[in-house]
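Chemist: Structure in structure tokens, see below.
The values are calculated or read from the model by the stated rules, or taken from the named source; none is laboratory data. These numbers come from a predicted model, not from an experiment. We place every Cβ from the backbone using ideal geometry, glycine too, and count neighbours over all the protein chains shown. Just the protein is used for accessible areas: all its heavy atoms, side chains included, with ligands, DNA and RNA removed. Shrake-Rupley method; radii C 1.70, N 1.55, O 1.52, S 1.80 Å.
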Amino acid sequence: MSMNLVTLLYLVASICFIQALKGLSHPTTSIRGNLFGMAGMAIAALTTAGLIMKLAEQPAAGLGYVLAGLVVGGGLGAVMAKRVEMTKMPELVAFMHSMIGLAAVFIAVAAVAEPYAFGIVAKGVPIPAGNRLELFLGAAIGAITFSGSVIAFGKLSGKYKFRLFQGAPVVFKGQHMLNLAFGIAILVLGLGFTVTESWSAFFLMLALSFVIGVLIIIPIGGADMPVVVSMLNSYSGWAAAGIGFSLNNPMLIIAGSLVGSSGAILSYIMCKAMNRSFFNVILGGFGGEAGTATGGTEQKSVKSGSADDAAFLMGNADSVIIVPGYGLAVARAQHAVKEMAAKLTAKGVQVRYAIHPVAGRMPGHMNVLLAEAEIPYDQVLEMEDINSDFGTTDVVLVLGANDVVNPLAHEKGSPIYGMPILEAHKARTVIVNKRSMAAGYAGLDNPLFYLDKSMMVFGDAKKVIEDIVKGLE
């Protein structure tokens, strides 16, 4: 395989990746975007395999290892993607980020050990300082991505008893100063490796990077997990790009830069949706442990009703807005919701869905959930497109959402003050389905539940929605 052909195929793969990002920017073109992404990755992987065979001293053996890696890795990825539940999608994303970071670390270590095998230099020739700097950056970012993603995986899963994997922030005195000291040490050791090519400096830098990856994620609470997911996505891209520069691989540089920049933009969008700065999230977010409401909740009373009551209210309404949250994902109720919406539409009720940018545990979680049930895209509206309609809506049905509809965001002094929310409280009637009165990830009580026009319907979302469907018949 000639280098001209390699360059051409890498260019085609890069165009596919760009088209993939463009397609994934909207639900209606997401399938096409995924197809472009898969095609681009297949072209890039096969081209790289051919390039390795060309550069290897034993082409046949080298290609065998590459093909084995593709088959094993691709097979595991396909099985995991096939079996994963929608509620576990955020954990899968965090796991994939961790693997990208770890791969960057392994490649950096191998390149430092035997740079001639990667075509960086001839055998016996020292690695140029510029390449050492790139390897330092790629390895450090990869290590931070790996360990940070492991902690994010545990927090997103919510089923591990290990303290660092629990949703509540882990904070201690002098935490920020310790992080700063570790950061400076990583920078000094990395620059030391760049200047001296010291293995000791390189591996100590790697060890500290793994540690700081843990330290910067543990103080972040569950409410900030969507930002963390997109941030780690960005980190994994920059790690790949850094290694790409070291290996003089344009495909890694382009793909890594696309992932890094798109993840950074998404992180900015998530922060804007929460009215918070990126550094405010990183330096310790709000988001206490789920289920720890602020004091005073037990003295308040709520108006509760049944699924039949909810069916009567919605069946006699002109317009209904459904606000999905993580509780909907846990109950796997999206298909039941689609059936309920069809019943309401048949009665002449206008049904729409309101999506908050940080609803669920990862960016776009609710969009993917509704798309799985094949809910029409024109019924699914983003916050900025539907917020002005709540005041003229007859009934809002809140399914397992909490913080994204919490009016405390409008009250000065509240931990979530200034966070844009779905203004469900402006509707004529509000129906809230929750399992209990437990607080959301921000650990805050929600005044919406105690309004005179609000009715709580307690229970599993799927069971409640199925009962509502029966009540609409």
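Chemist: What's the total number of residues in segment 119-173 that are more than 19 Å from the chain's Cα centre (by Cα) and either of a type in the set (D, E, K, R) or buried (at least 17 other Cβ atoms within 10 Å of the Cβ) (or both)?
Modeler: 17
Chemist: Go through segment 1-20 and report how many residues are of a type outside the set (A, V, I, L, M, F, W, C) and either open to solvent by 20 Å² or more (accessible area, probe 1.4 Å) or in contact with an Asp or Glu (Cβ under 7 Å, 6 or more places away or on another chain) (or both). So that I can check it myself, show each step before the final result.
Modeler: Here is the first cut: in segment 1-20, the ones of a type outside the set (A, V, I, L, M, F, W, C) are 2, 4, 7, 10, 14, 19.
If we keep only those that are either open to solvent by 20 Å² or more (accessible area, probe 1.4 Å) or in contact with an Asp or Glu (Cβ under 7 Å, 6 or more places away or on another chain) (or both) too, we end up with 2, 4, 7, 19.
Residues that pass the stated criteria total 4.
Chemist: Residue by residue through segment 159-208, note down the ones that are under 20 Å from Asn131 (Cβ atoms) and assigned to a loop (DSSP other than H, G, I, E, B).
Modeler: Residues of segment 159-208 that are under 20 Å from Asn131 (Cβ atoms), as a first pass: 186-206.
Glu197, Ser198 - these are the residues of segment 159-208 that are under 20 Å from Asn131 (Cβ atoms) and assigned to a loop (DSSP other than H, G, I, E, B).
Chemist: Look at segment 84-118 and say how many of its residues are at pLDDT 85 or above, of a type outside the set (A, V, I, L, M) and open to solvent by 40 Å² or more (accessible area, probe 1.4 Å).
Modeler: Qualifying residue count for the region: 3.
Chemist: Which residues, counting only those in segment 419-436, are open to solvent by less than 50 Å² (accessible area, probe 1.4 Å) and not aliphatic (A, V, I, L, M)? Walk me through it before giving the result.
Modeler: Initially, segment 419-436 is screened for residues open to solvent by less than 50 Å² (accessible area, probe 1.4 Å), giving 419-425, 427, 429-434.
Within segment 419-436, Pro420, Glu423, His425, Thr429, Asn433, Lys434 qualify.
Chemist: Further question: Checking the condition modelled with pLDDT of 80 or more, hydroxyl-bearing (Ser, Thr, Tyr) and either farther than 21 Å from Asn4 by Cβ or not in a helix (DSSP H, G or I) (or both), which residue from Thr29, Thr47 passes? Give the steps one after another, and end with the answer.
Modeler: Values: Thr47 fails: either farther than 21 Å from Asn4 by Cβ or not in a helix (DSSP H, G or I) (or both).
Thr29 is the lone residue from the list that is modelled with pLDDT of 80 or more, hydroxyl-bearing (Ser, Thr, Tyr) and either farther than 21 Å from Asn4 by Cβ or not in a helix (DSSP H, G or I) (or both).
Chemist: Could you say whether any residue in segment 411-418 is within 17 Å of Gly315 (Cα to Cα), hydroxyl-bearing (Ser, Thr, Tyr) and crowded, with 16+ Cβ neighbours inside 10 Å? Reasoning before the result, please.
Modeler: Residues of segment 411-418 within 17 Å of Gly315 (Cα to Cα): none.
Scanning segment 411-418, I find no residue that is within 17 Å of Gly315 (Cα to Cα), hydroxyl-bearing (Ser, Thr, Tyr) and crowded, with 16+ Cβ neighbours inside 10 Å, so the answer is no.
Chemist: Among Ala346, Ala333, which is the only one that is at pLDDT 90 or above and open to solvent by less than 20 Å² (accessible area, probe 1.4 Å)?
Modeler: Testing whether each residue is at pLDDT 90 or above and open to solvent by less than 20 Å² (accessible area, probe 1.4 Å) leaves just Ala333.
Chemist: Right, something else. Anything in segment 369-421 that is in contact (Cβ under 8 Å) with a residue 60 or more places away in the chain and on the phi > 0 side of the Ramachandran plot? List them, or say none.
Modeler: If the condition is that a residue be in contact (Cβ under 8 Å) with a residue 60 or more places away in the chain and on the phi > 0 side of the Ramachandran plot, then Gly400, Gly418 are the ones that fit.
Listed here are the residues, each with its yes/no results for (1) farther than 30 Å from Glu374 by Cβ; (2) outside any helix (DSSP H, G or I); (3) of a type in the set (Phe, Trp, Tyr).
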| site | (1), (2), (3) |
| --- | --- |
| Ala78 | no, no, no |
| Glu91 | no, no, no |
| Phe106 | yes, no, yes |
| Ala117 | yes, no, no |
| Gly130 | yes, no, no |
| Ala139 | yes, no, no |
| Thr145 | yes, no, no |
| Ile151 | yes, no, no |
| Gly154 | yes, no, no |
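Chemist: Could you list all residues from segment 448-468 that are within 12 Å of Ile431 (Cβ to Cβ), surrounded by fewer than 17 Cβ atoms within 10 Å (Cβ to Cβ) and in contact (Cβ under 8 Å) with a residue 40 or more places away in the chain?
Modeler: Phe458
Chemist: Moving to a separate point now. Can you tell me how many residues within segment 217-236 are in a helix (DSSP H, G or I) and either touching a Pro at 6+ places or on another chain (Cβ under 8 Å) or closer than 17 Å to Phe106 by Cβ (or both)? Break it down into steps so the answer makes sense when it comes.
Modeler: First, the residues of segment 217-236 that are in a helix (DSSP H, G or I): 222-236.
Then keep just the ones that are either touching a Pro at 6+ places or on another chain (Cβ under 8 Å) or closer than 17 Å to Phe106 by Cβ (or both); that gives 225-226, 229-230, 235-236.
Residues that pass the stated criteria total 6.
Chemist: Here's another thing I want to ask about it. Against the conditions (1) under 29 Å from Ile355 (Cα atoms); (2) at pLDDT 85 or above; (3) touching a Phe, Trp or Tyr at 6+ places or on another chain (Cβ under 8 Å), where does Ile254 fall short? Just the number, please.
Modeler: With (1) under 29 Å from Ile355 (Cα atoms); (2) at pLDDT 85 or above; (3) touching a Phe, Trp or Tyr at 6+ places or on another chain (Cβ under 8 Å) applied to Ile254, the lone miss is (1).
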